[in-house]
Amino acid sequence: MLVSVKAPAKINLTLDALYKRQDGYHELEMVMTTVDLFDRIDLFEKESSSITLESSSGLVPQDERNLAYRAAVLLREKIGIKRGIHIRIDKHIPVAAGLAGGSSDAAATLRGLNRLWGLGLSDEELAAIGAEIGSDVPFCVYSGTAIARGRGEILAPLPPPPPCWVVLAKPGHGVSTADVFGRLKVDEIAEHPETEQMAEALRKRDYDHMVRLLGNVLEPVTMEMHEDVGKIKKKMKEFGADGVLMSGSGPTVFALIRQESRARRIVNSLRGFCRQVYCVRMLGVRTESVLDGIRT
Ligand code: C5P
């Protein structure tokens, strides 16, 4: 039997760090939403009890280091079963990019296995398991749009952003989230994003306000390490983006644009300058992530 699951990419409309906690993590406040860019996870039942994984991308680990693999291991442990599974990841979301690709694959694996194995776990239960894998996994279990607090695992749903186009540009290198957080000096943050106001802009469906409120305290940190982040931002603005921000710990930069024609112009402006460029729609609503149900 097989189940196929969609795993959407997320972007941060805001990302704020309030303080560094005793456990080494940062207390965060962020508004996250999904965009129309997906990985596809196929989960195949196996005769043996082993877990195996293959990915269409050579850039992600194909073994127990992969977050989707870890999700399957952890779920089996929690339930106390030993059923085997083969995980196939059709990768479209850029890797180590600030778009939660790995976290989304893990969340999709939890959702898919919950269905395939008929476990009947709630989203809350899956999100709690996901939190042990990574801070962004709980959001990815629900998808849609939410304020995330704590390490990222305390979620309050929000309405989706107003419809618009999202141009994503990923510089040639990835970044390590731990490295970026490690360089962040919380006491020296010049400007904190207005999380509550961003939530209010979404509730009022106020596009202009949403665009003005985009903010990410990790952006200057990653920008200092990788100057192309700033260059991409500048180019996107020059070519008519309404708002531009780095997502998560980066290095992917996204532009929000109302009109498709302007979005395409921005994409063209980045040709030859940045190899991984995507023009997708804002999504922001929960995707029914189990694609085709269970097949035999
Ligand atoms: O939770 P996750 O493994 O995705 O986090 C990766 C790294 O990012 C952590 O090891 C930590 O260094 C940093 N982090 C943080 N505060 C958070 C989330 C992540 O400092 N709230």
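The numbers here are math on the coordinates, done by the rules we state, and not lab data. As the structure is a computational prediction, the values presented were derived from the model and not from experiment. Every residue, glycine as well, gets a Cβ built from its backbone with ideal geometry; the counts of neighbours run over all protein chains shown.
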remark   = If the label point sits 7 Å along Cα→Cβ of residue 285, residues of the stretch 152-185 with amide N under 11 Å come out as 160
task = Tabulate in residue order the Karplus-calculated ³J(HN,Hα) for the stretch 11-17, using 6.51 cos²θ - 1.76 cosθ + 1.60 with θ = phi - 60°, rounded to whole Hz; enter x for Gly and Pro.
result = 10, 9, 7, 9, 8, 10, 10
inquiry  = Quick check: Cα centre of the stretch 130-146 to Cα centre of the stretch 12-61, how many Å?
reply    = 7 Å
key: Derived scalar couplings ³J(HN,Hα) [the stretch 88-99; Karplus, 6.51 cos²θ - 1.76 cosθ + 1.60; whole Hz; x for Gly, Pro]   = 10, 10, 8, 8, 10, 6, x, 8, 6, 10, x, 10
ask   = Using bins 10 angstrom wide from zero, how does P(r) for the stretch 1-83 break down, in % of all Cα pairs?
value = 13, 32, 32, 20, 3
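Using a Förster distance of 25 angstrom, determine the FRET efficiency expected from the C-beta separation of residue 200 and residue 25, and round it to 0.05.
Efficiency at R0 = 25 Å is approximately 0.40.
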note = For the chain, the helices passing both cut-offs (Cα extent along own axis of 15 Å or more, Kyte-Doolittle mean at least 0.5, full DSSP H runs) are 67-79
query = By counting other Cβ atoms within 10 Å of each Cβ, how are 195, 222 ranked from fewest to most?
reply = 195, 222
request  = Express the Stokes-Einstein translational diffusion coefficient of the stretch 43-195 in µm² s⁻¹, to the nearest whole number, given a Kirkwood radius over alpha-carbon pairs, 37 °C and a viscosity of 0.692 mPa s.
outcome  = 192 µm²/s
query = Per residue, what volume in Å³ does the convex hull of the Cα atoms of the chain enclose?
reply = 123 Å³
ask   = Which far-off residues, 5 or more places away or on another chain, put their amide H under 5 Å from the one on residue 51, with H placed in the peptide plane?
value = 85
ask   = In the chain, with Lys and Arg counted as +1 and Asp and Glu as -1 at Cβ, which of these residues, 226, 163, 178, has the Cα nearest the positive end of the dipole, that is, farthest along it?
value = 163
message = Let me make sure I get this right: for the stretch 165-281, a, b and c are the square roots of the gyration tensor eigenvalues over alpha carbons, sorted descending. Under 1.5 in a/c it's rounded, otherwise prolate if a/b > b/c, else oblate. Which is it?
response = oblate
ask   = If each of residue 82 and residue 62 carries a label point 7 Å out from its Cα toward its Cβ, how far apart are those two points in nm?
value = 2.7 nm
task = Extending each Cα 7 Å along its Cβ direction at residue 276 and residue 125, get the distance between those two points in nm, one decimal.
result = 3.5 nm
query = Helix-derived [θ] at 222 nm for the chain: sum -39500 (n - 2.57) over DSSP H runs of at least 4, divide by residue count, nearest 500?
reply = -9500 deg cm²/dmol
key: Among 238, 45, 132: highest mean-square fluctuation, GNM of the chain, C-alpha pairs under 10 Å   = 238
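Can you figure out the FRET efficiency of residue 264 with residue 92, using R₀ = 22 Å and their beta-carbon distance, to the nearest 0.05?
0.70
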note = Residues meeting the amide H criterion for residue 93 (H placed from the backbone, H to H distance under 5 Å, 5 or more places apart or on another chain) are 39
